[in-house]
Every structure is written in C-alpha cells, then in structure tokens.
Amino acid sequence: MGVACVNQARTGPREMVTEAKKAPARPPVPTKKLPVNMAYTVDPPRYGDSRGYFQELYNTQTYPKHRFNQVSLSRSQVDVLRGLHCSPYGKFVSCVEGAIFDVFVDLREDSPTFLKWTGRVLSEENKAQMYIPPRCGHGFYSMRDNSKILYMQEGCYTPGADVEVHPFDKKIGIEWPKPKKEYILSGKDTKAKTLDELLPRIRGLADFEKWGNTVDYVVIGASGFFGGKVCQILTEQKKNFARMPSWVRLSDRENLARFLDRWKPKYVINCAGTAGKPNIGWCEDHKEETIDINLTGQLNVAEVCRQRGIHCTLFGTGCLYSYDKEHKMVSGKGYTEEDPPNFTGNFYGKMRIALENLVKSYKNVLSLRIAFPIDGYMHPRSLVAKLLKYPRITSTPTSYTVMDSLYPLISQMAERNLTGIYNFTNPGVTTNGSLLRIYKRVVDPTHTWEDVEAPQTSVPRAYSELDVTKLRKAFPNILPVEEAVTQAFEALAKRRQVEQKEEKGTK
C-alpha cells in the first residue's frame, strides 16, 4: 500500500495531465439543414439505462456555435397553439416533456427562402432539437398535455420588438395537423394580423436588420452620431450593409466574430467610440471606460477583422497637434500623418495616440483622423449644432471635417483597399465664428452671438492645421473647408424650405 502510494505520488499527477491532453475530441452532434435558410435540426446522443437517461441540451464544444442570452420554459395543455411569433434573435428549441408540432416560416424578405415554412415533431422521445433563425415566425401545436418547451434565445425578450403573424394566414399556408376550430389560441394570437397587413413592417425590418443573407458592409455603432451618418450615406449609395446589434459591445469579441461569420462582409466600418458626454472632459474622470472603448475595443474589432481578411475602417481624431514654431497658425503648413503628435493635454487624446501607434501594425486597417465634425443635417452632436446653443463663441483657426463632403469617400476608400492613417479633414482652416457667419448668411439670418477671446479651460483643446496631401492624392476634388460648409448649409436650407411648404400644405 505504501509503495502504491509512493508510485502514485511520483507519477500520478503528471500522467493524469498527460492523459487529459491526449483525450480525443468529442465528435460534433449530428445536424441536418432544413429548407429554411440558416435553420437546422440536431439529433443529440442520449445515454440511458434502467434508471433513466442523461442528455446534453447544449455544449459549446460539440454543438454549432451560438451565444444565448436568455433561457425560457413554457408549458402547454393539449391542443394549445402558440404563434406565430417573429423575434429579432435566433431560438434553439427542445421539447423536454410531451410532444409538439414545431413550425416556423421565413419572414426575412432579404432571405433566399422568404415565406418558406417547415415543421416537424419535437418530443421527449425523439429528443430532436431545432434552431430557428432570427426574424422567422415561430409557433407550435401541443400534441399532449403538459408539453414543456425549453427555449435558448440569442437575445432577450423586449416588449414591442416581436412581430405577431396569424398562424392560419392563407398566404403562408402552414399545414397544421388538425382543423382550425380544434385549437386553443390566446387572445393576442387570435387577433394577430395577416402577412399582407404586416409586409411593410417586415420589409422595413429586413432592410434594417439584414438577417437573411450576406452583406458587403457591416457598420458597428450604427445608432451613434458617426454611425448614423455612415448608414445614411451607405443607403444613398445603395450599398448592401448590415448594422451590428447595439447590444454587442466592442469588448465582446465572441459575438463580434459570430455576426461577422454570419454576414461574411468584405468591409467593416467601426463607428463605435466615446468622446465623452457632454465633451471630452468626461474622459478625464472615466479613464478605465475610455481605455475599454477607445483602445482595447478598437483593437478587438481590428483583430477580429484581420483574422477573417476583412478591411476595417476605424475613426481616430485629428486633434493630436497644436501650433508650434514649424507649424504656425494660418501659415498653410499643416501636420502630416507622419508627424509625431505633440498634443497630450487630455486623456482622450492620449488614448487616440496610443491606438494609432498600435493599429499601424494592422495591414487591414484604415484609420481616419476626424476633427471637429460638421453635419449638414445638424445632428445634436455636430459642432455647429452645439455652437448655435452658445451666446459667446471663441475662434481659433483649425481644421474641420465636413461630414457631408468627406463621408461619401469612406466606402470608396474601403473598396480601393486603402489602409493606414489619413488626415480626414477638408483642405484649409477656418474658425467657429466663420462657420456661424456662413450659417447666418445661408440658413438663418436672425441668429446672433458674441465673439470672445478663448478663456483658459480645465481640459486643453487641440487646434492645428492638418495636411491633407495624402487624401487629395486619392481624391483630388475635395472641397476646401468653407466651400464644403457652404454647400452643406445650402442643402440644409433647401430641406427646411421643403419642410415648411409641406407643413403649410397640411394645415
């Protein structure tokens, strides 16, 4: 006994570790594709004897990859019919007791199997499981009393996000096992609308969510200031693009990868980031969050794209410099992309400098330096929209990014596979006061303000001229800053005139 213990003490732990490493990988569970795009069934193994059985309902090592955020359980009496419920997330369904006839129909208008339906029996005995893709209308008929259904959901239920379609809609034509009058339905399902009534909403969802097919572009941070502008322009350019769900954070590399693998884009435009609220001073008191979003989060996106051979556009800042002896104010000599940043007066800028130094090593990344962005649609976070709120304005000549002028170039830069750092501002410099004078002349003659000298602020700001020679080599016809601003405001004035006429016409 003593010798046995000694031998085990000498060799046991190492041998156990070695044996664990040599253990063969478990085979994947058998899956079968269904007639609906992206849907499949699983026939999992079950281990049983006279005592009962054991079965895995999901295993990250043997099942197709999913990320589930909610698990739900429902129980139904015999002849209960539930559905059709169309959710913005996928569902993995198992019948753990009883039996159901499980059905779903493809309601993604951009899917090659739009309006195709399929169904099969799921029961405790046959142990079959089924994956139902996002935006498919799902329902089932309970074939026995106390049928229990386990749902593993890729998203959390949100009131108002689902679409309810009538289960007996003739246009869909589901072949339920029993006559219509024999089923028990909820009041909500009984009153559900028909497909024809819901088509406008379904089409809008398909256009926005892009669950049904591959795309060319994926926009991350689509609900933000930059992201909204990018999506507006991609829509105008008739590009095929999808919006990364807002619940997928930049730190969530697993889900970033999962959605990119689903959509298989050629290009990713990452608009997610933080400049602080109400301004970059926020970053001074929230350094950890700033690092997470503006540094490690951006690198996550770059790396996930690199692994898949996807071109990745990131937004940096042009506020990395301040005037010095070699780059004097209004001298016409601007800072190039190769000039080392000389402004480290705030934490936001420091993180942007750190990011630039790191992404230089990524051959798939295009980094665009934005400075004081101006949006002709007057988004609340646009520079001029902010300036209009202030009775006093300071003016220092600096570079600006006129989004209406430059953002249409982003897709062209991606498709031409341009990478590296670009100063993404319009040629020349101007001032806040000059911007408001253009606004007053073109849009609103009644606007007034007072020009004052710049006070000392608690968080220094970076003002400089950026050299855009590199950008102009790729796009020679970029408008100088004041011409671009004038053009954007003239378009704004025309839109407002049209809106005013429409308002008068409705009164």
The stretch 96-111 to the stretch 483-507: how many Å between their Cα centroids? 48
Can you tell me the accessible area per residue over the stretch 278-320, all protein chains present, probe 1.4 angstrom, in square angstrom? 38
Rounded FRET efficiency, nearest 0.05, which uses the C-beta distance separating residue 240 from residue 25 and R0 of 56 Å: 0.90
Carbon plus sulfur, as percent of the 1.4 Å-probe accessible area of the stretch 272-396, comes to 54
Cα centroid separation - the stretch 32-46 against the stretch 407-446, whole Å: 50
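Keeping every protein chain present and rolling a 1.4 Å probe, give me the accessible area per residue for the stretch 419-507 in Å².
59
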Kindly report the accessible area of the stretch 154-240 per residue (heavy atoms of protein chains, probe 1.4 Å, no ligands, DNA or RNA), in Å². 54
Give the relative contact order (percent, whole number) for the stretch 319-431; include only Cα pairs under 8 Å separated by 6+ residues. 30
Residue 74 paired with residue 51, simple spin-label distance in nm, labels 7 Å along Cα-to-beta-carbon: 3.5
If you rank 263, 247, 282, 176 by how much accessible surface each has, with a 1.4 Å probe, what is the order from largest down? 247, 282, 176, 263
With only helices counted (DSSP H, runs n ≥ 4, each -39500 (n - 2.57)), the per-residue ellipticity at 222 nm for the chain, to the nearest 500, works out to -9000 deg cm²/dmol
Most to least accessible of 322, 111 (protein chains only, probe 1.4 Å): 322, 111
So what's Rg/Rh here for the stretch 467-507, counting alpha carbon atoms and using the Kirkwood radius for Rh? 1.33
Mean separation of Cα pairs under 8 Å and 6+ residues apart, divided by the residue count of the stretch 258-319: what relative contact order is that in percent? 48
Inter-part distance where the stretch 248-312 and the stretch 127-164 are each reduced to a Cα centre, Å: 31
For 405, 76, 186, 246, the accessible-area ranking with a 1.4 Å probe, largest leading, is 246, 186, 405, 76
Take every Cα pair under 8 Å in the chain that's 6+ residues apart, average their separations, divide by the length, and report that relative contact order as a whole percent. 11
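Taking N as the number of residues in the stretch 35-152, what is its alpha-carbon radius of gyration divided by 2.2 N^0.38 Å?
1.06
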Cα convex hull of the stretch 390-507: mean projected area in nm², to one decimal? 10.4
Separation of the residue 330 and residue 490 label points, Cα + 7 Å toward Cβ, nm: 2.6
Report, to the nearest whole %, how much of the accessible area of the stretch 104-235 belongs to carbon and sulfur atoms, 1.4 Å probe, protein only. 52
In Å, what is the Rg of the alpha-carbon atoms in the chain, and how long is Dmax? 29.1, 100
Can you list residues from other chains, or at least 5 along the same chain, whose modelled amide H is less than 5 Å from the amide H of residue 115? 106, 107, 108
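The values are calculated or read from the model by the stated rules, or taken from the named source; none is laboratory data. Keep in mind the model is a prediction, meaning the values are calculated, not measured. Don't worry about glycine lacking a Cβ; one is built from the backbone with ideal geometry, like all the others, and counts go over all protein chains shown. Just the protein is used for accessible areas: all its heavy atoms, side chains included, with ligands, DNA and RNA removed. Shrake-Rupley method; radii C 1.70, N 1.55, O 1.52, S 1.80 Å.
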